[in-house]
Structure formats: C-alpha cells, structure tokens
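Asker: Sharing a structure below in structure tokens format, with a few things to ask.
The values are calculated or read from the model by the stated rules, or taken from the named source; none is laboratory data. Fair warning: this is a prediction, and the values are worked out from it, not measured in the lab. Cβ coordinates were reconstructed from backbone atoms using ideal geometry, including for glycine residues, and neighbour counts include every protein chain displayed. Accessible surface areas use protein heavy atoms only, side chains included; no ligands, DNA or RNA. Shrake-Rupley method; radii C 1.70, N 1.55, O 1.52, S 1.80 Å.
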Amino acid sequence: MGARGRLAFLLLLLLGAPGTFVRPAALPDLPRLVTLSEDAAPGTRVAEVTVSCSAMQGSPNVTLVRVEPGTPTDPTVTPRTTEPGHPFNPIAISAVGVPATAFRAEVTLRAGAELDARRVNLYMLALRAACPGKEEVTKWLFVWVTAGHTLRCDAPFASAGGDVVRVPADVAPRAPLHVVLPQPLGGLTFRLRNDGTPLTLTPRGLVLAPASGFSPSKDTQTFRLEMEVTDRHGHNCSGAVTVEVLPSHRPRVTILEPRQDVTVPEGSGPLEVVTQVQASGDNVHYAILSPTVPALFTIDELTGVIRSTGRLEVARVRLLVRAYNALQPADQATATINVTVQGRDRQAPSCVPALYVTQVRETVSPGSTLVTLRCASPAGAEGSLSYALEGPPGSRSRFRMEGPRLQVNTTLDYDSQAMAALGFQLTATVVVTAGGQPPRSTRVPVLVTVTPVNEFPPECPRGLTFTVLETAPFGSVVGYVNGTDRDHPPDSLEYSLEGGSSPAQPFSIDMHSGEIRVVGPLGSLPRTSYRLPVRLTDTHNDLDPANRRSRLCNVAVRLQAVPEPRCTPEVQELWITAGRGSRQPVTHLACWGDPDTTALSYAIVGGNEDGRFRLDGSALSYVPDGLAEPRTFVLLVEVWGGPGAPRRSTVVALVVHVTPRSTTVPASTTARHTTPRKKPLVVTRTEAVWRPPAWFVAVLTVSGVLLLASLSCLARSLVCSRRAPSKLLLAESSSRDVAERSGGREEQGRPHAGRLSPLRTGAI
C-alpha cells in the first residue's frame, strides 16, 4: 500500500467508519495521526501509545520495526522515496497502575534530529507489540511534520553584548574581518539594521574593512553592527557583532621636510627635476593635491620626485603634496612646496667650437689635450667662466677639464670590454657657466671615437701536437690550430702553411678556421713525424690595414704506424686431386693482424685468370671443370686489414698442383679404365717460362728503382730501402728452389711450381 493509500486508510479510521478496522487488544490507540513541528528539539515526545496486556501476561515488548517517509503535500517539493536515517529513538515502555495491565510506549526524537517539512512532511512508523505468550501485533503511527515558525541564532551572536572581533588598524581596505555564522550548507541571508558604520556586511555574512581603511589612532576604535538573519523559509533572528580596532604599531607616514622653497630658472624644459618630497613610513605613495589646473608639475608616485610638465615661465606656484600609506590611505601627511620660476638673462656664454667631434688612437697618453675651448661671457656678466663635464659615467670619467682644455683622464684601451660596450665612442658635454644671477650656461657636446692600434702579435696555442694514421686518406682532419690575439677583435686571425703543400709536407690548413687536413700520402717517405710551420697573421686590428703582425708556430704531426697483417706460412705448396662437384676445399690461410681483433680481407690478385679458384674469407676452394691433364697454379693472395686507403697488406704465394681423377675411356667392344699419361717435363718447362701478371712486373720494376735509389742514399733511408728489395731476392731464390725440386721429382711423375720465399709445403 502506498503513502496515499495509507493516508486514506487513516482518514477512514478517524471518521469511525464501521467495519473498516478491528482494534487489536494489544495496541488499542493505533493507527493514529500526530502532528509535529519541524522546529521540535531533539528529545521531544512525538506520541504516547497505550499497550494493554492482562496481569497474568506481564510486561509487553514494543519495537519500532519500520519507518517510511511519506510524500510531501507541497507540489513544489520533489518527493523523496528513501530516508537514510530516521529521526526517532527506540520505544520506551513504562507501566500504568498496579497491578500493571496497561503500559505506555513513548516515541521521541533522537539526538541531532533535524526535521524539514519541505523535504519530508510525513513519517509512517510501524510499531510491533507482543505480550508474553501472545502473538505479535503490528500497528501504524503517522507523524505529520508541519513547517516551523522561528529561526534561532546561537550565542554569543544572539546575546545582548553580541560577538566581539578585534583587528589591527592597519589592515588593508576591504579586507575580510569576520564571518558572522559559518554556513557549510548556506541558505542564510544577512542584513545590517543600523547605519553610520564604515564597515560593510555582505549578504553572506562577511564583515569587510572600510573601502579607505581605518583611520590611524592611538586609541581603540569600536564599531557595532546589528544585523538580521533570514533563512530560506522567511524565518529570522537577530544578533550583533562588535569590531574593536586596535592601534597599529607600525610607523605612521611622516614627511621629513614639510615645507620647501624652491627656485628654478625661467625656460626650464619639460620633465626637468624641480625638487623631491621624502617621507618615512610603510607603502608610501605621493600625490599633488593642488593646484590641479593648470598642471604645471607632476610627481612620481613612488619616489616623490617633482618635475615640470612644460617649459616654465616666470611665476610663483604653491604646491600641496600628500604622502600616504597605499594600504591605509587614512595614514597620510602633507607638505607645502613653494616654487618660484625666476627670470634670467637669456644671453649665455658663446664657445668655439660649439660642437667637438674627433678621432683619437687608443695609445693616446693620459693628460693629452684634445681641444681648448674659446668661450666669451656676455657683456656685463659678473664673475668668470667655469667649466664642468656632464654625461654618462662610463664616458665622462675618461675626460677631465683643466680650465678650458678638454684632456684625456685615463687610458683609452680599445681592446677592453668596457670600451666595446660603449661602441668605441665616448660622449660628454662641457658645461660653460657664466657668473651672475641667475647663472647662465652653454653646453658644448663632445664626441670622441677611439680607433684601434695593432699592439700585440698573435699567440700560439699550447700543445700543438697531433697524431694521425700513416694510412690516413686524402682530406682527413688532423687537428685545429686555435691562435689568440689580445687586440680587438680577439680572434681575427688568418692561418697559412709556410712553404705550402708538397710531397715532403702533404698537409693543408684552412685560412680562417685553422683546420689541418691531409692532402697527400703520408707513408711515401721514411719518417715517423712532420714538423709544420704555421704562420698566424692578425687582421682588422688597426685603422691601417697594412699594419699587421704575425707569429710562426710549430705544429708536430706524429704518424701512427699501421702494421701489416702476418701469415704463416707465407708460401705454401699444395697437391690436390680434382674431384666432382661444384666446389672443392683446398686450404685455409692462417693470418692475423695487430691487434688480433682486426678484421682481415682476402683477395686473389694473381694466377687465377681462368677463375678456377674461389676465396670465402680465408678459405680457398677449387672449382672442378673437367681438367684432362695435371696442371700447376701459382696463386698470389693479398691480405689486408682495415678500410683505409692506402692500406697495409701482405701477399701469400700458393703453389697448387692439380691432378685430374682417373676416368673411363670407352672401347668398341669392352670397357677399360685408362689413366692419362703424365708429362712432368711439360710442367717443368712451364715453370721456366712462367710470365707474371702485368701488375707484378710493375711492382718489380718500381722495386728495382727504389733499390737503386736506396743504394745512392743509404745513410738516410737504410731501414726503408730493405723492405721491397728483400722480397724480390726472396722471390727469385724461391723460384730457383722450386725449379730444382720440380726437376728432381720428374721421374716420379708429379708436377711442381716455383715459390717466392722459403718453401713451406702442405698436402690435401
């Protein structure tokens, strides 16, 4: 049954409709409707219910088993179907009379209960009662919540004295001072009931300081705010807040010189400084109170400097200046400034030259006179002429006045950073003043341009030693020569190599960067290092382009040797029998570099014109192609390490004797196996007339030339000259040895081949 059905059921019960309800014996007062105001305090009794049991049965047990919120009757309120916590205490039971046959059950509000008729205006309470030994009976109690009529304000706000707040007098304008009632959920509106207070009360209950702050005072200031609080239902209550403003301990604004008399000459231009007002205190600002029209003067708000706004005419002006604390405008003080614009004789001294522009070398000595001014005072002037300097401190300090003579005060170092910051131009103004009242002056602008002088030669850097591989290719970078120069600009240097590039000096240097590169072979001459004379020449360090200085620097370039790979043995003699298949292994070359981890490359460079042999790394293999007769091959294998060019390599000689496998020769009627007849004499003659490849002839020719050259200059190149000729003699000896051994084996029918170094044999 819904809430509306239960309400209708309750109305029928109240009208006493016959036959509609049978009153149970245990709860004779239920069902029943009671009314409760939403202003009811916690602990308020909601209803009393009579519970009857016979004297023999004893005390009954009554429990609140269910509470259901009903639907509000106000159509503007959204119904709620759940109530997370009901506002009722457990049922309290008490006996009535002796003997106890009737009992009283009380329903009360629990502690902290808050009722809101606009949210829930009906609670349906299910009470279950049971006498000892009897069945339980459940009846309903309906609680109708009505709107309240009062709003209560808590103490001390609602007390007679009200709440008291103490604040210092130097708080900022419009600063928050106090929150009347904390409102986590909101819903209250505040209104000030009394007038005449500088404080501000916001509708949300926030008390703010006056817009201009509190006036400074040595005594405590008191302000009382009486206010009315209204809730969203229109209920209200009232209270008061007293704000006590305590004296500030911060220093007050005080003007150091409250009265000034200032005289300025007629014709002073705009923004000329007239005087300055100074005051002590916190957050001091300045303003001109009067006169505001015409605005002849302006004051800097932060510094108090008073300047003219235009060209001044003869007049007397009284300025009223206020100094105040920006955070406490009431903390202020005033000063009176009497400004007298005095007329003057407009004839000022005349000087020749009226403008001085010149150039001086940076080596000019201090005390040198740059110019002597010829100045004349106006007729009738009193006193003599005086000379003074004005201008930027960086420029003015470099000059001095000795009477009418403008002299150099300090050295004018063109190479210093301070001179570079000034742009190598010094500006100043000579002020020539004539006596009399008022004094009259003339200004002579001075512009001096400092020109450079090439004073210092370039300087060589330290540690001009570089290392490069002796196999470094063309264009390899060796290093950089970074010279310096104390003249300005500091690094305007040009680099050149004395003697230029040549076979004896296979290097070049970049004229602007000083980069040294390799431009020729480094291992062509028997040397381990080079000494390069590099000349450093400065540029743009003097007004005269021809005035240049240079210095010769020695650069050492050390050659890092690249060792040749080594193979064991250097000459091998091998015998194989040609088989069938695509590829037949012959041998593996045992070679290594320095260091041992160096990757080696292999290539057949001679003796393999018909392509019968292949190299896969260090593995040599033979490709059978139906060889009919025994044959000897002399292979030259080049072994090198590293990708550089030129490269260091060694050559291994392989003498391979290939014997064809026996084949079957078919006959007319029978098949028989025949073995080809060996011809060792043919092999021996082939060795005698063996012709090396063209490249080998070229190498042999060059080696012979080098041998003759080495013999002519044995004192200088003894070590280098023995490299190529020794290999040539070794090759010839090896050829003769192979020929002799081949001749000795002719009777056994095995072919031989010559070798280029002491014979090392191996068989497969």
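Asker: Calculate, in nm to one decimal, what residue 519 and residue 336 gain on full extension: separation in residues at 0.36 nm each, minus their alpha carbon distance.
Answerer: The residue 519-residue 336 span can extend by a further 57.2 nm.
Asker: I would also like to ask the following. So if I place +1 on the C-beta of Lys and Arg and -1 on the C-beta of Asp and Glu, and nothing else carries charge, what would the dipole magnitude of segment 173-313 be about its Cα centre? I want it in debye, nearest 20.
Answerer: In debye, rounded to 20, segment 173-313 gives about 560.
Asker: Run the accessible area of segment 234-386 with a 1.4 Å probe and give the carbon-and-sulfur part as a rounded percent.
Answerer: Carbon and sulfur atoms account for 49 percent of the accessible area of segment 234-386.
Asker: Which value, in Å², gives the accessible area per residue of segment 123-240 when a 1.4 Å probe is used on the protein heavy atoms?
Answerer: 53
Asker: Could you tell me how far the Cα centroid of segment 345-375 sits from the Cα centroid of segment 114-148, in Å?
Answerer: 111
Asker: Here is a follow-up. Can you give me the % of accessible surface on segment 490-637 that is carbon or sulfur? Probe 1.4 Å, all protein chains present, nothing else counted.
Answerer: Heavy-atom surface of segment 490-637 belonging to carbon and sulfur, 1.4 Å probe: 49 percent.
Asker: Treating only the Cβ atoms of Lys and Arg (+1) and Asp and Glu (-1) as charged, compute the dipole magnitude of segment 120-198 about its Cα centre; round to the nearest 20 debye.
Answerer: Dipole of segment 120-198, to the nearest 20 debye: 160 debye.
Asker: Give, rounded to the nearest 20 debye, the magnitude of the charge dipole that segment 545-607 has about its Cα centre when Lys and Arg contribute +1 at Cβ and Asp and Glu contribute -1 at Cβ.
Answerer: The calculation lands at about 660 debye.
Asker: On the Cα set of segment 455-506, report Rg and Dmax in Å, please.
Answerer: 14.2, 43
Asker: Using only the Cα atoms of segment 104-147, each taken as one equal point scatterer with no solvent, compute I(q) by the Debye sum, divide by I(0), and report log10 of the ratio at q = 0.30, 0.32 Å⁻¹.
Answerer: -1.15, -1.20
Asker: Ranked highest first by the average count of other Cβ atoms within 10 Å around their residues, in what order do 351-361, 457-467 fall?
Answerer: Highest to lowest by the protection proxy: 457-467, 351-361.
Asker: Roughly how many Å² is the accessible area per residue of segment 410-475, as a whole number, for a 1.4 Å probe?
Answerer: 45
Asker: Right, here's the next one. Can you tell which of 476, 430, 461 lies farthest toward the positive end of the dipole of segment 401-535, using +1 and -1 charges on the Cβ of basic and acidic side chains (Lys, Arg; Asp, Glu)?
Answerer: 430
Asker: Using the Kirkwood radius over Cα pairs, work out the Stokes-Einstein diffusion coefficient for segment 536-586 at 4 °C and 1.567 mPa s, in µm²/s as a whole number.
Answerer: Using the Kirkwood radius from Cα pairs, D works out to 68 µm²/s.
Asker: Ok, one more. Using a 1.4 Å probe over the heavy atoms of the protein chains, calculate the carbon and sulfur portion of the accessible area of segment 134-207 as a whole percent.
Answerer: Within segment 134-207, the accessible surface is 55 percent carbon and sulfur.
Asker: For segment 361-489, what's the radius of gyration and Dmax over Cα atoms, in angstrom?
Answerer: In order Rg, Dmax, the Cα atoms of segment 361-489 give 25.1, 93 Å.
Asker: To continue, here is another question. How far, in nm, would the chain grow between residue 305 and residue 577 when pulled straight, counting 0.36 nm per residue and subtracting the alpha carbon separation?
Answerer: In short, 86.5 nm is gained.
Asker: Over every pair of different alpha-carbon atoms in segment 309-365, take the mean of 1/r and invert it; report that Kirkwood radius in Å.
Answerer: Result for segment 309-365 stands at 17.3 Å.
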